[in-house]
Amino acid sequence: MKEQQSIPTSKVARASKFVKTGVKIGGNYLKYNVKKLVDSSTTKEELHSDNATDIYDSLSELKGSALKVAQMLSMDRNVLPRAYVDRFQMSQYSAPPLSGPLVVKTFKNYFGKTPGELFDTFEMSALNAASIGQVHLATKDGKKLAVKIQYPGVANSISSDLKMVKPMAVRLFGLNENDIERYMGEVESKLLEETDYDLELKRSVEISEACAHISNIIFPKYYPELSASRILTMDWLDGQHMKDFLLTNPTQETKNKIGQSLWDFYDFQVHQLRQVHADPHPGNFLMLSDGTMGVIDFGCVKVIPDFFYDNYFALINPDTVEDEPRTEEIFYNLEFLVKSDTSADKKLFSDLFKTMIGLLGKPFAVDEFDFGDETYFDSVYAFADELAKIEELKNSKVARGSQHGLYINRTYFGLYSMLNELKAKVITHKPVWLVSKKIRQPALD
């Protein structure tokens with residue numbers, strides 16, 4: 001992959017790149033409209049493909065928050081046309097890497113030394129490059145190490161980048177502007193945290209130690225003396241990302257084993273730690289043929305407030321949804337409903353969110369769930385398609401749902417998507433209070 005020699009860091013330079021991308025998108029639409037006039041059977045697939053390529057190429061050069069939003073959108077397969085998903089997924093671990101001189105400059109800025117002076121060996125070519133940083137292989141005292149280096153200017157450009165991404169997301173993808181406003185506010189706060197490698201180091205150590213008891217999961221050891229606010233050093237973990245792992249044709253037993261570890265990992269974080277690795281995309285996991293899995297990135301961690309946790313997960317228990325007054329109270333608490341809603345609004349949005357909760361909570365309603373069941377995912381995507389057609393939702397003058405739900409929903413969607421890729425059948429461990437009393441009762445007798 002071709003290395004990148006520099007990154008635009010000033011607001012003017014980055015804004016110019018966005019403008020140039022907008023011109024290209026305009027040209028793609030013009031080309032599509034001309035073709036449509038000549039051939040009425042022309043579809044938007046070529047338009048989506050051209051736009052996805054131009055947007056990804058531009059964001060890849062900019063790095064940082066703009067590319068991270070593309071990565072996040074790629075996980076939401078129900079939001080974007082397939083061409084965008086396929087292209088944006090590349091940002092998970094295969095963006096163009098920085099050149100050697102920029103890597104050396106970063107080390108000299110934070111350590112006053114080159115990588116060669118700090119490590120016994122250091123591979124100058126990055127092995128993985130994503131949205132916020134890239135990873136290099138190094139050795140020291142006989143140990144293989146992974147060294148994550150943040151791209152220059154990422155932290156300082158977050159706010160301005162997101163302001164430029166917002167209109168693109170609204171117009172190009174047809175997303176609700178009020179929801180995007182709320183979404184971007186939460187995204188900005190998490191991205192600022194992701195660029196703080198001191199914070200990531202602290203969380204990585206805390207969460208990996210707390211989750212060390214979970215079967216078949218491996219965490220790297222971290223090295224504070226070889227880390228800084230923009231550089232993070234940890235043990236090198238062997239393994240393959242999901243796509244490459246699946247190409248080895250592992251047995252379903254092995255895939256179920258990894259799937260179980262994934263479920264248990266998230267179950268413990270959400271319900272015991274009340275903070276969760278909120279970036280469950282394949283680039284953050286390394287899978288081995290023996291069914292073990294390495295977790296390598298705690299940059300994005302969502303701390304779950306107690307009030308949100310109590311209300312959100314109460315809805316997973318079907319007993320709650322059968323209690324209309326309690327459900328309505330929770331819908332207001334979680335901002336699914338607002339005081340200005342008319343009776344018609346109230347009924348519409350209540351019905352929509354009950355359906356959504358039923359779909360999200362389906363794996364929790366049974367002791368074992370088969371994530372290879374495509375009929376379940378078809379129903380999820382069909383519901384998402386229906387949502388996209390509801391004018392009241394698109395034109396709502398208020399954002400629906402607590403901002404805390406953005407990363408929790410994203411976490412579960414990412415988890416379910418990975419389990420679906422594995423076709424995993426897992427025992428859905430969960431707190432007893434999330435299980436309907438109607439199901440628990442026989443076990444109590």
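Could you please find all residues in segment 213-227 being open to solvent by less than 60 Å² (accessible area, probe 1.4 Å) and either in a helix (DSSP H, G or I) or of a type in the set (D, E, K, R) (or both)?
The initial filter retains those residues of segment 213-227 that are open to solvent by less than 60 Å² (accessible area, probe 1.4 Å), namely 214, 216-217, 219-220, 222-223, 226-227.
Selection gives L226 alone.
Taking the stated definitions as given, is A424 of a type in the set (G, A, S) and modelled with pLDDT of 95 or more?
Details: of a type in the set (G, A, S): yes; modelled with pLDDT of 95 or more: yes.
Considered against the rule, which asks whether it is of a type in the set (G, A, S) and modelled with pLDDT of 95 or more, A424 comes out as yes.
Take the residues of segment 379-393 that are surrounded by fewer than 13 Cβ atoms within 10 Å (Cβ to Cβ) and free of Cβ contacts under 8 Å to residues at least 24 places away in the same chain: which is farthest from the chain's Cα centre (by Cα)?
Across segment 379-393, the extreme among qualifying residues is E391.
Among the residues of segment 228-266, what is the count of those that are crowded, with 17+ Cβ neighbours inside 10 Å and acidic (D, E)?
1
Tell me which of these F298 doesn't satisfy, since it passes every other one: (1) part of a loop (DSSP other than H, G, I, E, B); (2) among the aromatic types (F, W, Y); (3) over 19 Å from the mean Cα position of the chain (by Cα).
(3)
Scan segment 110-146 for residues that are under 30 Å from the mean Cα position of the chain (by Cα), open to solvent by 60 Å² or more (accessible area, probe 1.4 Å) and free of Cβ contacts under 8 Å to residues at least 40 places away in the same chain and jot them down.
Correct list: E123, M124, L127.
Please determine, by comparing only the residues of segment 301-330 that are assigned to a helix (DSSP H, G or I), more than 28 Å from D367 (Cβ to Cβ) and touching a residue at least 12 places away in the same chain (Cβ under 8 Å), which one is most open to solvent (accessible area, probe 1.4 Å). So that I can check it myself, show each step before the final result.
Our first condition is that a residue be assigned to a helix (DSSP H, G or I); within segment 301-330, this holds for 306-314, 318-322, 324-330.
Next cut, more than 28 Å from D367 (Cβ to Cβ) only: 307, 325, 328-329.
Of the ones still in play, those that are also touching a residue at least 12 places away in the same chain (Cβ under 8 Å) are 307, 328.
On the way: F307: 122, E328: 70 Å².
So, considering only residues that are assigned to a helix (DSSP H, G or I), more than 28 Å from D367 (Cβ to Cβ) and touching a residue at least 12 places away in the same chain (Cβ under 8 Å), the one most open to solvent (accessible area, probe 1.4 Å) is F307.
Any residue in segment 267-277 that is farther than 24 Å from D198 by Cβ and either among the β-branched types (V, I, T) or touching an Asp or Glu at 6+ places or on another chain (Cβ under 8 Å) (or both)?
Narrowing segment 267-277 to residues farther than 24 Å from D198 by Cβ: 267-268, 270-272.
When the remaining residues are screened for being either among the β-branched types (V, I, T) or touching an Asp or Glu at 6+ places or on another chain (Cβ under 8 Å) (or both), the result is 270.
So far as segment 267-277 goes, yes, one or more of its residues are farther than 24 Å from D198 by Cβ and either among the β-branched types (V, I, T) or touching an Asp or Glu at 6+ places or on another chain (Cβ under 8 Å) (or both).
Kindly indicate the residue of segment 76-125 that is modelled with pLDDT of 50 or more and acidic (D, E) and also farthest from M418 (Cα to Cα) among those meeting that condition.
E117
Given the condition within 25 Å of V435 (Cβ to Cβ), at pLDDT 85 or above and outside any helix (DSSP H, G or I), answer yes or no: does some residue in segment 379-399 qualify?
no
Filtering segment 394-418 down to residues that are β-branched (V, I, T) and crowded, with 18+ Cβ neighbours inside 10 Å, which residue is nearest to F331 (Cα to Cα)? Full working, then the answer.
Taking segment 394-418 as the starting set, the residues that turn out to be β-branched (V, I, T) are 398, 408, 411.
Keeping just the survivors that are crowded, with 18+ Cβ neighbours inside 10 Å gives 408, 411.
Values: I408: 16, T411: 20 Å.
The qualifying residue nearest to F331 (Cα to Cα) is I408.
For segment 337-364, enumerate the residues that are buried (at least 17 other Cβ atoms within 10 Å of the Cβ) and touching a residue at least 60 places away in the same chain (Cβ under 8 Å).
P363, F364, listed by residue number.
Does segment 196-212 include one or more residues that are surrounded by fewer than 18 Cβ atoms within 10 Å (Cβ to Cβ), in a loop (DSSP other than H, G, I, E, B) and modelled with pLDDT of 70 or more? Reasoning before the result, please.
Residues of segment 196-212 surrounded by fewer than 18 Cβ atoms within 10 Å (Cβ to Cβ): 196, 198-199, 202, 205-206, 209-210, 212.
With in a loop (DSSP other than H, G, I, E, B) added as a condition, the list becomes 196, 212.
From what's left, modelled with pLDDT of 70 or more: 196, 212.
So far as segment 196-212 goes, yes, one or more of its residues are surrounded by fewer than 18 Cβ atoms within 10 Å (Cβ to Cβ), in a loop (DSSP other than H, G, I, E, B) and modelled with pLDDT of 70 or more.
Determine which single condition L286 fails, assuming it passes every other condition in (1) of a type in the set (A, V, I, L, M, F, W, C); (2) touching a Ser or Thr at 6+ places or on another chain (Cβ under 8 Å); (3) surrounded by 20 or more Cβ atoms within 10 Å (Cβ to Cβ); (4) not in a loop (DSSP other than H, G, I, E, B).
Among (1) of a type in the set (A, V, I, L, M, F, W, C); (2) touching a Ser or Thr at 6+ places or on another chain (Cβ under 8 Å); (3) surrounded by 20 or more Cβ atoms within 10 Å (Cβ to Cβ); (4) not in a loop (DSSP other than H, G, I, E, B), L286 violates only (2).
Regarding D367, is this residue in contact (Cβ under 8 Å) with a residue 12 or more places away in the chain, among the charged types (D, E, K, R), touching a strand residue (DSSP E or B) at 6+ places or on another chain (Cβ under 7 Å) and open to solvent by 60 Å² or more (accessible area, probe 1.4 Å)?
Working: in contact (Cβ under 8 Å) with a residue 12 or more places away in the chain: yes; among the charged types (D, E, K, R): yes; touching a strand residue (DSSP E or B) at 6+ places or on another chain (Cβ under 7 Å): yes; open to solvent by 60 Å² or more (accessible area, probe 1.4 Å): yes.
It is true that D367 is in contact (Cβ under 8 Å) with a residue 12 or more places away in the chain, among the charged types (D, E, K, R), touching a strand residue (DSSP E or B) at 6+ places or on another chain (Cβ under 7 Å) and open to solvent by 60 Å² or more (accessible area, probe 1.4 Å).
Answer yes or no as to whether L237 is hydrophobic (A, V, I, L, M, F, W, C) and either assigned to a helix (DSSP H, G or I) or more than 18 Å from the chain's Cα centre (by Cα) (or both). Talk me through it step by step, then tell me what you get.
Values: hydrophobic (A, V, I, L, M, F, W, C): yes; either assigned to a helix (DSSP H, G or I) or more than 18 Å from the chain's Cα centre (by Cα) (or both): yes.
Answer is yes for this residue.
The values are calculated or read from the model by the stated rules, or taken from the named source; none is laboratory data. Note that the structure is a prediction, hence the values are computed from the model and not measured. No Cβ is skipped: glycine too gets one built from the backbone with ideal geometry, and neighbour counts run over all protein chains shown. The protein model used for the area step is the full one, side chains on, heavy atoms only, and it has no ligands, DNA or RNA in it. Shrake-Rupley method; radii C 1.70, N 1.55, O 1.52, S 1.80 Å.
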